[in-house]
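First the structure, in the form of structure tokens, and then the observations on it.
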Amino acid sequence: MNTTQTEWNDARRQIVGNAASIGFAVAMYGVSFGALGTTTGLSIPQTMALSLLMFTGASQFTLVSTLASGGTALTAVIASWLMGTRNAAYSMRMTPILKTSGPGRLVAVQLTIDESTAMGLAQDEEAFEGRASRLAFWATGLSVYLLWNLATFIGAVSVSAIGDPKSFGLDAAIAAGLFALVWPQIKSRTDLSVAFGGALIALALTPVVPPGVPVLAAAIVAVIVGWVTGRKLS
Amino acid sequence: MMWFAVLAGTAGCYALKYVGSIIPAHILEQPIVKRIVLLLPISLLSALVAVQTFATSQSLTLDARVPALAAATVALKFKTPFILIVLIAAVTAATLRYFGLAS
């Protein structure tokens with residue numbers, strides 16, 4: 001076995017392990033989601049359909065809580081779309097890395113969420129001819145998909161959840177996990193200012209616009225900085 | 001009614017992601033577009049981390065998540081493995097909450 005093969009085996013083991021740990025942290029919220037779904041008037045099949053088909057946690061929670069707080073179906077639908085908009089940017093970024101086509105592309109699109117994108121981009125894009133990025137995306141996407149759906153089912157049928165995920169510190173764990181995945185993506189001063197700019201805009205807007213919009217608004221920083229720095233290159 | 005919300009919401013969320021995946025390569029290769037697409041996940045994910053750390057619904061709060069993220073940052077500086085960073089954050093927040101030191 002040559003060195004590259006050994007290195008790849010090590011990298012692969014590490015990526016799969018990280019993907020599994022993200023899956024478990026996210027799954028605890030899946031239990032909450034399942035319980036929330038069935039306690040706010042959705043049937044078990046409807047709750048499961050959201051996790052199986054929509055499969056984007058923020059949109060799912062938004063849809064269900066809008067319905068629960070007396071919003072109309074249309075408001076709930078639009079709110080869920082708004083939450084899902086950032087995934088469009090993720091698939092723009094991931095598609096050239098994943099090099100998928102046909103049915104593979106359709107599956108990759110379904111698995112494009114915060115966690116799978118962050119894990120994919122946290123790897124060196126050139127490492128092992130891109131295999132590290134691709135494995136990180138697929139392993140994380142599949143691990144979250146399986147565990148999120150299993151957890152939703154458990155939450156939906158048992159209704160009483162295992163307890164508040166916050167008491168286990170899982171809200172902080174998910175934030176820290178994503179932070180650890182953004183960290184290696186910041187390679188220059190420009191990247192750092194975009195990260196800070198995005199964070200500040202989102203926090204500044206949090207009290208004044210509905211949840212979901214602040215994160216989406218952070219895109220403006222990438223657009224402005226990308227425009228200015230990209231124009232210098234062209 | 002409920003099925004309408006479930007299915008319409010799902011269709012829209014998938015369509016958004018699909019549209020992102022079918023943008024032709026020659027558009028994505030233009031320098032300005034390329035820079036923007038490279039920077040988008042950085043700004044969106046950083047914003048998400050900020051909101052997940054400092055926001056509770058529509059208010060800004062300082063609770064157990066803040067020291068947990070601070071601990072995770074220190075761990076990151078020392079190149080700690082991913083799983084440990086996640087655990088350090090969880091244990092910090094859970095401990096502070098258990099002893100009633102932070103909400």
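Considering only alpha-carbon pairs that sit under 8 angstrom and 6 or more positions apart, the relative contact order computed for region B:1-100 is 18 percent. Build a GNM of chain A with springs between Cα atoms under 10 Å apart, and of A:LEU146, A:LEU203, A:LEU42 the one that fluctuates most is A:LEU203. Roughly to the nearest percent, how much of the accessible area of region A:187-234 is carbon and sulfur, given a 1.4 Å probe? Carbon and sulfur atoms account for 74 percent of the accessible area of region A:187-234.
Each Lys and Arg adds +1 at its Cβ and each Asp and Glu adds -1 at its Cβ; summed about the Cα centre, chain A shows a dipole of about 440 debye. Per residue, region B:62-103 exposes 57 Å² of solvent-accessible protein surface, assessed with a 1.4 angstrom probe and all protein chains in place. Solvent-accessible area lost on pairing B with A (1.4 Å probe, both sides summed) amounts to about 6500 Å².
Measuring only protein heavy atoms, the 1.4 Å probe finds A:TYR90 accessible over about 0 Å². Note on B:TRP3: accessible area is roughly 110 Å² with a 1.4 Å probe, heavy atoms of protein only. Share of pairwise Cα-Cα distances greater than 16 Å in region B:62-103 is 29 percent (whole percent).
Give, to the nearest whole percent, the P(r) tail of region A:92-234 beyond 22 angstrom, counting all Cα pairs. It works out to 54 percent of all Cα pairs. Heavy-atom accessible area with a 1.4 Å probe sorts A:ARG131, A:ARG86, B:ARG35, largest first, into A:ARG131, B:ARG35, A:ARG86.
Based on the Stokes-Einstein relation at 10 °C and a viscosity of 1.306 mPa s, and on the Kirkwood radius from alpha carbon pairs, region A:3-185 is assigned a translational diffusion coefficient of 93 µm²/s. Its relative contact order, with pairs defined as Cα atoms under 8 Å and 6+ residues apart, puts chain A at 29 percent. Extents of region B:23-66, taken as max minus min of Cα coordinates on every principal axis and listed largest first, are 46, 16, 12 Å. When the pairs A:LYS166/B:LYS17; A:LYS99/B:LYS77; A:LYS187/A:LYS232; A:LYS187/B:LYS79; A:LYS232/B:LYS17 are compared against a 25 Å limit on Cα-Cα distance, A:LYS166/B:LYS17; A:LYS99/B:LYS77; A:LYS232/B:LYS17 fall above it. In the calculated pair-distance distribution of region B:25-98, the portion above 15 angstrom amounts to 66 percent of the Cα-Cα pairs. One equal scatterer on each Cα of region A:187-234, no solvent, Debye formula: the resulting log10 I(q)/I(0) at q = 0.22 Å⁻¹ is -0.73. Against chain A, whose longest principal axis comes from its Cα atoms, helix A:3-39 is set at around 20 degrees. Note on the protein assembly as shown: Rg/Rh from C-alpha atoms, Kirkwood Rh, equals 0.95. Each residue of region B:10-23 is assigned a 3J(HN,Hα), and the resulting list reads 4, 4, x, 5, 5, 4, 4, 5, 5, 4, x, 8, 9, 5 Hz, derived from the Karplus form 6.51 cos²θ - 1.76 cosθ + 1.60 (θ = phi - 60°), x at Gly and Pro. Mean separation of Cα pairs under 8 Å and 6 or more residues apart, divided by the residue count, gives region A:187-234 a relative contact order of 40 percent.
Working note: 222 nm ellipticity from helices only, DSSP H runs with n ≥ 4, each -39,500 (n - 2.57), summed and divided by the residues of the protein assembly as shown, gives -25000 deg cm²/dmol to the nearest 500.
Residues whose amide H comes within less than 5 Å of that of B:ALA55, counting only those at least five positions distant or on another chain, are B:THR61 (H built at 1.01 Å from N in the peptide plane).
The values are calculated or read from the model by the stated rules, or taken from the named source; none is laboratory data. It should be emphasised that the depicted structure is a prediction, and the values quoted were computed from it without experimental measurement. So basically every Cβ, Gly included, is an ideal-geometry build from the backbone, and we count neighbours across all protein chains shown. Ligands, DNA and RNA are stripped out before the accessible areas are found, and what is left, the full protein with its side chains, is counted by its heavy atoms. Shrake-Rupley method; radii C 1.70, N 1.55, O 1.52, S 1.80 Å.
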